[in-house]
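Heads up: the structure comes next, in structure tokens.
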Amino acid sequence: MTKLAPGEYKTIDLLAVAAAREVNDRDIVFAGTGLPMLAILLAQATQAPDAVCIYEAGTVDGRPVHLPTSVGDARCVYQSSVTSGLFDVFNQLQRGKVDLAFLGGAEIDQYGNVNTTAIGGYAPTPKLRLTGSGGNPDINALAKRTVFIMVQEKRRFKERVDYITSPGWRIPRWPSGELVHKREVYGDKFRGGVSAVITDMAVFRFDEEGIMYLDTVHPGFTPEDVLNNVSFDLNISRCRGVTEPPTQEEIDLLYHKIDPEGIFLK
Amino acid sequence: MTQQKRISLKEAAGLIKDGDAITFSGFTIWRRPFAMIYELIRQGRKNLHLMEVNGGTHTDMFAGAGALGIWESCWAGHELYGKLGANVSRRAQAGEMLVEDYSHVHMVCRFAAGSMGLPYYPTYASLGTDILNPAYDTLGNAGLRDGSNPKIPRHKYLHATSDFYEPSHLLHIPAARPDWCIVQAQLVGEEGTIRINGQKYSDEEAIKSAERVIVLAESVVPESALRQEPERNLIPPYFVDYIIEVPWGAHPTGVYGNYEVDGKFINDYYNRTKTQEGFDAWAQEWIYGVESHEEYLAKLGISRLESLRANPMLKYSTNVKRGSRS
């Protein structure tokens, strides 16, 4: 295994590799469009050959020979165990069958709450309307572990997100809206939650209280670089060092086997 | 043998009135009945109440055309081909359409309840989010939850508890009851049996929740052909009110086994329609300035359509350029 140095790989390569390493063999994984597809396919080609991938539009354990460009893609269907629809696969999620999911977002806060809905106020009209939730909050609520892949920017890593689209570790209990631990809201349906946040600079995890801390920095970055790109009081005392860089073998798999057409890896 | 009513696209679009509640087959940029979507915009439909599990390019076009009064859903974008439904965002920010946010599972629950004839469906999904923030009940804030509109439930959702087994807290999500579901299907029998190949998305729930159903079919086939393998069929004829044979009717979205998503077309739409002026110019070129679906296909051209045609075994195109190296 040849470990590569910064400059020998692109940031997106490291994101895909770091995300892939979150997959355990035999995990049942819910994946969305883009980097999550690269991550699950790379994991299946390396340490997790028996991981199962469910795409939320309704395919289970497909074995695509061409990279899908979205979860509704005909390529997801190829050699799948079951092809059905949303009701089936989201019911499986609610039933507790999903171990791991990859998600994204525009903003995240120190509790792992994520916003993909609106920036700068929601009602009566949003200041800046984003795409909306999609399945993000459902998956984040009901999978055992979730991994977020995001862009590291001060304005995106906030003490409190403008709108909680997707539930992290401390979430509002309605109707009062007081923030409580996720366990208190979900009761016996509590299964876990945000396990890692992977950005172009670092990997973050959450402590016993559900507060984000710095786990590793990517090669070429320091904890101070990360501190300069978050807008809350981030705990860097638990930083374990540097994120494992990609290997040449992983890069070859990504560019020659998984995305040879250059769809996500331009 | 009952023949379902065969009408033209223009006639069918004319049945849908301003203010009607509508939904569609498909998922994001897959199997959306675009020939009808274009025709509704061309006929100047206004104040539509679009309820759908997720949106896509079509949602954004309706928004750009000023055709939506209310949009209840969870997502609008163009997948890989445009990160945002820019027209949805612009109209929502300007207060020119009402957006009611649910989660993906909530919307599936809404159509599931509608399809089962139930008033609501229970779920644990998306507890502890601002989707449930009482201050963010858009239709309630607009005074529309007074029971006077049969398509708008009196509550966005209700908290509920269960003690059948472990005590738990869950949500009751109200049924969706659209006036119309407009479907793009691969195959429809002459009597109306629908066969969907590939992923069914939320088609079954959407179709069965609607009061009336219009099916655009890639091919209308002898009913007996579909009845040779009934286990592959999704919907019996009595749910279907109108059938229209519209090959390539979902373009620029894709149809499993028939053709690919036209990503280049969608990306061009996204890039050109971020402003209202841009949208108006695009719509003049591709909707208002085009008389019919046949004229639209001719404008696209045979070579473009052929590049999208699915490989008969793989069920998707192997000829379309998708990435930077293909």
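The values are calculated or read from the model by the stated rules, or taken from the named source; none is laboratory data. Computed from a predicted model, the values in this text were never measured in an experiment. We place every Cβ from the backbone using ideal geometry, glycine too, and count neighbours over all the protein chains shown. For accessibility, only protein heavy atoms count, side chains too; no ligands or nucleic acids. Shrake-Rupley method; radii C 1.70, N 1.55, O 1.52, S 1.80 Å.
General observations
- Counting only residues at least eight positions apart within a chain, or on another chain, the lysines with an alpha carbon under 18 Å from that of B:K10 are B:K46.
- Part-to-part distance (alpha-carbon centres) for segment A:76-135 and segment B:106-132, which is given in Å: 15
- Computed accessible area, B:S324, all protein chains, 1.4 angstrom probe, square angstrom: 60
- Residues of the protein assembly as shown: accessible area per residue with a 1.4 Å probe, Å²: 37
- Most to least packed among B:175-184, B:90-99 [average Cβ atoms within 10 Å]: B:175-184, B:90-99
- Relative contact order (%) - segment A:11-258, alpha-carbon pairs under 8 angstrom, separation at least six: 17
- Qualifying GluC sites (Glu not before Pro) in segment A:1-102, DSSP loop, other Cβ atoms within 10 Å at most 16: A:E8
- Once the Cα gyration tensor of chain B is diagonalised, semi-axes √(5λ) in Å: 31, 25, 19
- Carbon plus sulfur fraction of accessible area for the protein assembly as shown, probe 1.4 Å, in percent: 50
- Segment B:149-200 - Kirkwood radius from inverse mean 1/r over Cα pairs (Å): 15.2
- Counting only aspartates and glutamates at least 8 places from A:K257 when in the same chain, those with an alpha carbon closer than 16 Å to its own are A:D13, A:E249.
- Buried accessible surface for the B/A pair, both sides summed and rounded to the nearest 100, is 5300 Å² with a 1.4 Å probe.
- Taking the square roots of 5 times each eigenvalue of the Cα gyration tensor of segment A:11-258, largest first, gives ellipsoid semi-axes of 27, 23, 16 Å.
- Computed from the Cβ-Cβ distance with R0 of 30 Å, the FRET efficiency linking A:F190 to A:E159 stands at 0.80.
- Whole-Hz couplings from phi, Karplus 6.51/-1.76/1.60, listed for segment B:188-200; x for Gly and Pro: 10, x, 4, 8, x, 4, 9, 10, 10, 9, x, 5, 8
- For the residues of B:131-137, the average number of beta carbons from a partner chain within 10 Å of their own beta carbon is 6.
- Occluded residues from segment B:311-326, i.e. those whose accessible area drops by 20 Å² or more once the chain is not alone (1.4 Å probe): B:L314, B:Y316, B:R322, B:G323, B:S324, B:R325, B:S326
- Scattering profile of segment B:219-304 at q = 0.10, 0.13, 0.24 Å⁻¹ [log10 I(q)/I(0), Debye over alpha-carbon scatterers]: -0.40, -0.62, -1.28
- Taking the convex hull of the alpha carbon positions in the protein assembly as shown and averaging its projected area over all directions gives 25.7 nm².
- Spatially proximal aspartates and glutamates relative to A:K144 (Cα-Cα < 14 Å; intrachain offsets below 8 disregarded): A:E22, A:D27, A:D99, A:D188
- Every Cα-Cα pair of segment B:1-109 was included, and the share exceeding 16 Å stands at 58 percent.
- Loop-resident sites, segment A:213-258, for trypsin sites (Lys or Arg not before Pro), counting at most 12 other Cβ within 10 Å (DSSP): A:R238, A:R240
- Length, then width, then depth: along the principal axes, the Cα atoms of segment B:200-269 run 40, 27, 20 Å.
- Entry note, chain B: the mean residue ellipticity at 222 nm calculated from DSSP H runs of n ≥ 4, each adding -39500 (n - 2.57), is -7500 deg cm²/dmol after division by the residues and rounding to the nearest 500.
- For B:L98, the residues 5 or more places off, or on other chains, whose built amide H falls under 5 Å of its own are B:I70, B:W71.
- Counting Cβ atoms of other protein chains within 10 Å of each Cβ in B:138-145 and taking the mean gives 1.
- Between A:R95 and A:L227, the modelled label-to-label distance comes to 4.9 nm, taking each label 7 Å out from Cα in the direction of the beta carbon.
- For the protein assembly as shown, a simple Cβ point-charge model (Lys and Arg +1, Asp and Glu -1, everything else neutral) yields a dipole of about 340 debye relative to the Cα centre.
- The mean sequence separation of alpha-carbon pairs under 8 Å and at least six residues apart, normalised by the residue count of chain B, gives a relative contact order of 20 percent.
- Neighbouring Cβ atoms from other chains, within 10 Å of the Cβ of residues in A:89-100, number 2 on average.
- Greater than 18 Å apart at Cα, pairs in B:K200/B:K315; A:K158/B:K83; A:K127/B:K274; B:K5/B:K151: A:K158/B:K83; B:K5/B:K151
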